[in-house]
Amino acid sequence: PTYLSGADLNNLLSSMSSTQVELIELMTNPPAKYDASGNAGIINIKTKKNKVKGFNGTATVTGTQGVYPKSNNSLILNYRTGKFNMFFNYSLNMTQYFTSIYALRKYYSGNTVTAILDQPTYFKGRFTNHTIKTGIDYYLNPKTTVGIVLGGTRVQRKGTSEATATWLNASGATDSAVVTETNNKSWYKNNSFNANVRHNINKKQELAVDVDWLRYEITNDQFFNNYLQVTGGYNEAARGHVPNAIRILSAKADYTGKFGKNNTLSSGLKTSHIKTDNTASYQNFNGSVWYEDYGKSNHFLYEENINALYSSLETKYKRFSIQAGLRYEFTGYKARQFGNILQKDSSFSRNYNGLFPSGYISYQADSSNSFTFTFGRRIDRPAFQTLNPFTFIINKYTYQNGNPNIIPQYSTNLQLDHQFKEWLNTAISYSIVKNYFSQIFLRDTVTGLLYYSQGNVGRTHNLGISSTVILSPTKWWSFTLQALFNHKELKGFAGDANFTSDINQLNINMSNQFKFAKVYSAELSGFYTSNARNDLQEELYPTGQLSLGISRPILKKKGSLKLSFRDVFYTNAMEGFTHFPNATEYFILRRDTRVVNVAFVYRFGKAYKAAKHSNGSASDEMQRVGS
């Protein structure tokens with residue numbers, strides 16, 4: 001159960017092979033047994049686990065070529081004999097990458113442009129990702145199973161960038177230019193331990209206990225060198241060392257019991273304890289020696305406890321299926337930022353609690369039509385790093401700051417679905433989010449520096465209408481087409497101004513599957529997203545991509561070859577417009593998304609058969625680790 005966020009989540013998922021995945025479970029309205037965190041619900045990625053006696057495995061080798069090469073390889077081994085079941089998953093991801101960003105920032109006095117900042121930036125680098133997950137189950141008797149799961153991830157990333165910041169006056173003439181060269185290194189380490197027990201009290205009752213311990217170490221080393229491109233211009237250097245350590249201990253116990261003919265009761269409790277230790281050390285170079293930059297350096301400690309109780313009841317009566325649940329969570333945290341010669345010590349703490357109801361009512365009108373109404377209240381807690389009031393340098397004119405005053409956001413979600421046979425689903429949904437998390441862009445009027453931060457800015461309302469069609473017009477062709485229309489209103493306060501945004505957005509996803517010549521399978525897929533407002537101050541322009549692939553079995557169906565081409569027309573870019581206080585910025589960001597991929601998969605031993613296994617107790621805490 002490893003749910004991260006940001007770059008760390010991307011690293012983990014990119015290191016996984018599809019051959020490792022048994023099931024992807026999407027829960028837009030999770031029942032009360034799951035953590036209340038996550039406005040969008042839960043994505044549960046269940047990896048394969050063997051239940052067949054003997055030894056078997058799968059090896060996957062993948063090569064990818066875009067602008068730079070990439071490789072993603074994995075090995076899955078399973079062995080079961082007697083009362084023991086053992087598994088071992090290993091993946092190795094080696095990637096070279098680039099990110100190209102162009103930004104054009106304009107500064108205003110009233111409606112008059114006073115200065116223009118032209119900023120093209122090119123990042124390139126490589127990272128290596130090793131991920132291991134291994135474990136053993138022991139069947140004490142037909143009713144009781146105990147298990148241990150160990151996991152580890154090691155990521156090393158090295159990258160460089162070069163950016164030219166050209167200042168122009170209001171007429172467009174060049175005033176000055178600063179070239180910034182950066183050299184970044186980062187290390188990400190994660191160790192995890194899970195112990196679990198499953199006991200069937202009888203045929204209708206089950207008790208499950210999980211204990212998880214996790215350790216994260218994330219270290220970033222940054223080096224900046226700025227050159228003013230004029231005769232006699234300055235040369236200034238800065239460096240930063242930003243290590244972060246996170247410890248999580250979590251335990252939960254779940255009871256499930258069936259009574260009567262169609263009734264199921266689930267109850268449980270969970271407790272978790274999190275500690276983080278974050279240091280940010282920045283230094284400047286004066287031409288001869290390095291000296292501490294006390295304005296940016298800090299040391300931040302954070303400790304949090306979350307305790308939860310839940311219960312839910314599921315029943316069926318004639319054509320109705322009903323589930324109702326209630327979860328109670330109590331959260332308490334305390335934090336301290338150590339001072340230095342420029343900054344005083346500071347500390348803060350907060351306790352809060354809440355009730356989170358959830359459930360659904362489903363009605364089977366006839367053999368072709370069913371209706372389902374779902375409801376739920378959820379919470380999003382800020383990532384641990386967001387609460388850290390340190391400064392992270394993006395470039396000479398742009399910084400990122402944490403916000404210790406941010407508080408959780410709460411969402412109430414309602415949805416009505418109609419299912420027609422097996423091929424058409426339509427839904428209408430409404431949600432309201434209070435204390436809405438939004439990225440905030442602030443400007444220092446004295447220095448001209450821009451600061452990225454995150455804060456609570458008000459509330460957002462979202463009305464959505466969706467339709468999904470799944471058809472097989474012929475024996476050799478099937479397709480899925482999904483369209484989602486959203487109307488979103490945001491109202492809030494950022495910096496020194498009130499903001500209101502009102503936007504309509506359309507998302508279209510299409511996937512076609514083909515079978516031909518008896519052994520070949522192919523896919524043509526794509527998506528389109530219209531204009532979107534990422535946050536109060538940032539608007540994103542339309543984007544999308546088209547991808548295709550083909551595969552066939554080989555080696556008497558023990559192996560397979562796959563060839564795919566992603567983002568064929570290189571249209572998947574992040575482009576948009578940001579409104580700052582007294583400034584605006586156009587930007588476009590591109591990555592190495594147009595790639596050709598060749599994969600070879602070989603299966604040996606007996607075939608896979610899914611087995612029920614533990615998902616752990618700390619998935620919510622891992623999601624908030626951040627990067």
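The values are calculated or read from the model by the stated rules, or taken from the named source; none is laboratory data. As the structure is a computational prediction, the values presented were derived from the model and not from experiment. Don't worry about glycine lacking a Cβ; one is built from the backbone with ideal geometry, like all the others, and counts go over all protein chains shown. Just so you know, the surface numbers come from the protein's heavy atoms only, side chains and all, with ligands and any DNA or RNA stripped out. Shrake-Rupley method; radii C 1.70, N 1.55, O 1.52, S 1.80 Å.
Numbers at a glance
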{"read-out": "Qualifying residue in region 485-500 (condition: at pLDDT 95 or above and either in contact with a strand residue (DSSP E or B) (Cβ under 7 Å, 6 or more places away or on another chain) or surrounded by 15 or more Cβ atoms within 10 Å (Cβ to Cβ) (or both))", "value": "yes"}
{"read-out": "Residues within region 457-473 that are in a strand (DSSP E or B) and open to solvent by less than 50 Å² (accessible area, probe 1.4 Å), tallied", "value": "8"}
{"read-out": "Residues being touching a residue at least 60 places away in the same chain (Cβ under 8 Å) and surrounded by 16 or more Cβ atoms within 10 Å (Cβ to Cβ) - total across region 531-558", "value": "4"}
{"read-out": "Count of region 179-196 residues which are among the hydroxyl-bearing types (Ser, Thr, Tyr) and open to solvent by less than 20 Å² (accessible area, probe 1.4 Å)", "value": "3"}
{"read-out": "In region 559-569, the residues that are assigned to a loop (DSSP other than H, G, I, E, B) and surrounded by 14 or more Cβ atoms within 10 Å (Cβ to Cβ)", "value": "Asp567, Val568"}
{"read-out": "Matching strands (runs of 3 or more DSSP E) fully within region 272-351 where at least 2 residues are under 30 Å from the mean Cα position of the chain (by Cα)", "value": "298-317, 320-338"}
{"read-out": "Evaluation of His241 against (1) surrounded by 18 or more Cβ atoms within 10 Å (Cβ to Cβ); (2) under 28 Å from the mean Cα position of the chain (by Cα) (one fails), failing number", "value": "(1)"}
{"read-out": "Residue under evaluation Ile407, criteria (1) open to solvent by less than 30 Å² (accessible area, probe 1.4 Å); (2) not in a strand (DSSP E or B), criterion not met", "value": "(1)"}
{"read-out": "Selected residue (criterion: nearest to the chain's Cα centre (by Cα)) from residues of region 375-399 that are open to solvent by 30 Å² or more (accessible area, probe 1.4 Å) and under 30 Å from Tyr317 (Cβ atoms)", "value": "Arg377"}
{"read-out": "Those residues of region 197-233 which are outside any strand (DSSP E or B) and either β-branched (Val, Ile, Thr) or surrounded by 15 or more Cβ atoms within 10 Å (Cβ to Cβ) (or both), in sequence order", "value": "Val230, Thr231"}
{"read-out": "Which numbered condition Gly135 fails, given (1) modelled with pLDDT under 90; (2) in contact with a His (Cβ under 9 Å, 6 or more places away or on another chain); (3) not hydroxyl-bearing (Ser, Thr, Tyr)", "value": "(1)"}
{"read-out": "Some residue of region 462-483 being at pLDDT below 95, of a type in the set (Ser, Thr, Tyr), under 27 Å from the mean Cα position of the chain (by Cα) and over 30 Å from Ile554 (Cβ atoms)", "value": "no"}
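To keep it simple, each residue is scored yes or no on (1) surrounded by fewer than 16 Cβ atoms within 10 Å (Cβ to Cβ); (2) in contact with a Gly (Cβ under 9 Å, 6 or more places away or on another chain); (3) among the hydroxyl-bearing types (Ser, Thr, Tyr).
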{"position": "Ala308", "(1), (2), (3)": "no, yes, no"}
{"position": "Tyr333", "(1), (2), (3)": "no, no, yes"}
{"position": "Gly339", "(1), (2), (3)": "yes, no, no"}
{"position": "Tyr363", "(1), (2), (3)": "yes, no, yes"}
